[in-house]
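The values are calculated or read from the model by the stated rules, or taken from the named source; none is laboratory data. Just so it is clear, the structure is predicted and the values come from calculations on it, not from any experiment. Counting neighbours? That spans all protein chains shown, and the Cβs are built from the backbone with ideal geometry, glycine included. Heads up: the accessible areas ignore ligands, DNA and RNA and are worked out on the full protein's heavy atoms, side chains in. Shrake-Rupley method; radii C 1.70, N 1.55, O 1.52, S 1.80 Å.
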Amino acid sequence: MPDSRPNILFVMTDDHAAHAISAYGSRINQTPNLDRIASAGMRCEKTFCTNSICAPSRACILSGTYNHINGVRTLHDRFDGAQDTVQKRLGDAGYQTAIIGKWHLGHGGEADPTGFDHWCVLPGQGDYFNPHFHTPEGTVQVEGYCTEIITDMSLDWLRNRDPETPFMLMCHHKAPHRHWEPSPKYADLFEGDEIPVPETFQDDHRGHARAAREAKMKLMDLTEQDLKAPVPEGLSEEEELHWRYQRYIKDYLRCVQSVDDSVGQLLDYLEAENLFENTVVIYTSDQGFFLGDHNWFDKRFMYEESLKMPFLISYPQEIAPGSVSHAMVLNVDFPATFLDWAGLEVPEAWQGVSARKCFQGSVPSDWRDAMYYRYWMHKDGSHNVYAHYGLRTHHHKLICYYADALDAMGDRTQGYDGNGISPEPPEWELFDLKKDPNEMLSVYHDPDYEGIVANLKERLAEEMAKVQDEPYDHPDCR
Ligand code: CA
């Protein structure tokens, strides 16, 4: 009997926001190959990360658990490779497994990838040009452009696999992570064009908590290394802002264009080999990104542009072509879903659940209607984003910036006065996503929302308890 279990091709980029994909209605670029997945399958509008930053999101995707359980709360935490992961479960069940590209969960010794039959990963962030790769046999340098190299390596692995057993390939691009360095192929793309600015470009964060005003990810915070040129002299502040945006967004989108090519090559291969029908193809990114939205670059905040992961999925046997889902699916759900497709039980300890039915278009009646988020990396050196947690429902978003008095990395022993009470109060935000989808004005202090705030706080406590997390130890933080 041939093995009919589906293959899984999981393509993940780094920091690619959904609003830079034409299938998601991008106003700023075209991604014909990513759109092929959406046409053949489903575009998911509410796939969210539980902590909008690289390493933590990746840890959730491998382990099926939240960051306080899998141990990767910040960029500085290493992933403990001894823990249960999706690649181990699939490997034990006879899948061939590989990860090629960005790993970002530490490297060397115990931090190397575990549980994969094949791995070839960038050390740390890796380089766009002539990158080094870390392999079980040691480190190698490969000449060329990173996105193209990762694609070639992925195709090589596919060609050389055993065709008799199913595979899970994680093709993890570095692009389009900062500092944005496009391939020479796209160096001139958008030259002479004026890329439109987003609706919230002029946001001065008066409608937000102090945390938003203190964050150092405004377009004015982009460095010369980001912009690849000194700011021309004699520009007004507004002119400089637009100049910075054009420099930033064009290089970002040029990097995306190589990713789109990569996905096209992988899809071509699957089609040519008659594998497309029996392969679950996923395109996602570890989290979203601000593309000049709120006058920012980067991510970290629980605001939509950063919280939302692009998620396109095709699997012709189960997923209707051109379909759209509004079910809330989280990064912690991905591994459970993969096991479901492989016909395996989801381990009790995993906190995510299989979203297979959501992708089939029949959302279970008890599917989640709220999600819990926590960003732990308090006031990291360069971006200065405050730690926060919150709850998103289909209608509202409640956020608590709980740790203004904490020092770095969520160390609860620091920043307190003698009574264990933070000298600075926490700050809350509430957004009405139906009236204010751009999250421009917090209505937390609006008396009309008093009842909603009380309900959502209760709900937040419930969701937190459900995933075995705890609120910050301050009476105003719950
Ligand atoms: Ca990332």
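Quick check on packing: order 226-238, 8-20, 428-440 by the mean number of other C-beta atoms within 10 Å, highest mean leading.
8-20, 428-440, 226-238
Quick check for you: with a 1.4 Å probe and neighbouring chains kept, what is the accessible area per residue of segment 163-213, in Å²?
The answer is 46 Å² per residue.
Search the structure for amide H atoms under 5 Å from the amide H of Phe133, placed 1.01 Å from N in the peptide plane, and list their residues when 5 or more places away or on another chain.
Val140, Gln141, Val142
How would you classify segment 1-145 from its alpha-carbon gyration tensor, with a ≥ b ≥ c the square roots of the eigenvalues: rounded for a/c under 1.5, else prolate if a/b is greater than b/c, otherwise oblate?
Verdict is rounded for segment 1-145.
Report, to the nearest whole %, how much of the accessible area of the chain belongs to carbon and sulfur atoms, 1.4 Å probe, protein only.
48
Under a no-solvent Debye model with one identical scatterer per Cα of the chain, what's log10 I(q)/I(0) at q = 0.07, 0.10, 0.11, 0.13 Å⁻¹?
The Cα Debye sum returns log10 ratios of -0.35, -0.73, -0.89, -1.27.
Over the chain, what relative contact order in percent results from Cα pairs under 8 Å that are six or more residues apart?
Relative contact order, the chain: 22 percent.
Of the listed pairs Lys216/Lys308; Lys88/Lys216; Lys250/Lys357; Lys185/Lys434; Lys216/Lys466; Lys102/Lys434, which have alpha-carbon separations greater than 30 Å here?
Lys88/Lys216; Lys250/Lys357; Lys185/Lys434; Lys216/Lys466; Lys102/Lys434
Going by Cα centres, segment 180-198 and segment 78-120 are how many Å apart?
Here the answer is 35 Å between Cα centres.
Report, in deg cm²/dmol and to the nearest 500, the calculated mean residue ellipticity at 222 nm for the chain, where each DSSP H run with n ≥ 4 adds -39500 (n - 2.57) and the sum is divided by the residue count.
-7500 deg cm²/dmol
Amide H to amide H under 5 Å from Leu330: which residues, 5+ apart in sequence or cross-chain, H placed 1.01 Å off N in plane?
Here Phe48 satisfy the definition.
In sequence order, what are the phi-derived ³J(HN,Hα) couplings for segment 230-236 according to the Karplus relation 6.51 cos²θ - 1.76 cosθ + 1.60 with θ = phi - 60°, rounded to whole Hz, with x for glycine and proline?
Result, rounded to whole Hz: x, 5, x, 7, x, 8, 6.
What nm distance separates the two modelled labels at Glu194 and His395, each placed 7 Å from Cα along Cα→Cβ?
Reported label-point gap for Glu194 and His395 is 4.2 nm.
Report the label-to-label distance for Ala93 and Asp204 in nanometres (one decimal), using points 7 Å from each Cα along the Cα→Cβ vector.
Reported label-point gap for Ala93 and Asp204 is 5.5 nm.
State the volume of the convex hull built on the alpha-carbon positions of segment 1-87, expressed per residue in Å³ and rounded to an integer.
133
Return, for the Cα atoms of segment 98-207, the radius of gyration and Dmax in Å, separated by a comma.
Cα-based Rg and Dmax for segment 98-207 come out at 18.0, 59 Å.
Let me have the relative contact order for segment 112-229, percent, based on Cα pairs under 8 Å that are six or more residues apart.
16
Just the number, please: percent antiparallel of the DSSP beta bridges in the chain, rounded to the nearest 5.
Within the chain, antiparallel bridges account for around 50 percent of the total.
Express in whole angstrom the spacing between the alpha-carbon centres of segment 1-51 and segment 253-331.
Here the answer is 2 Å between Cα centres.
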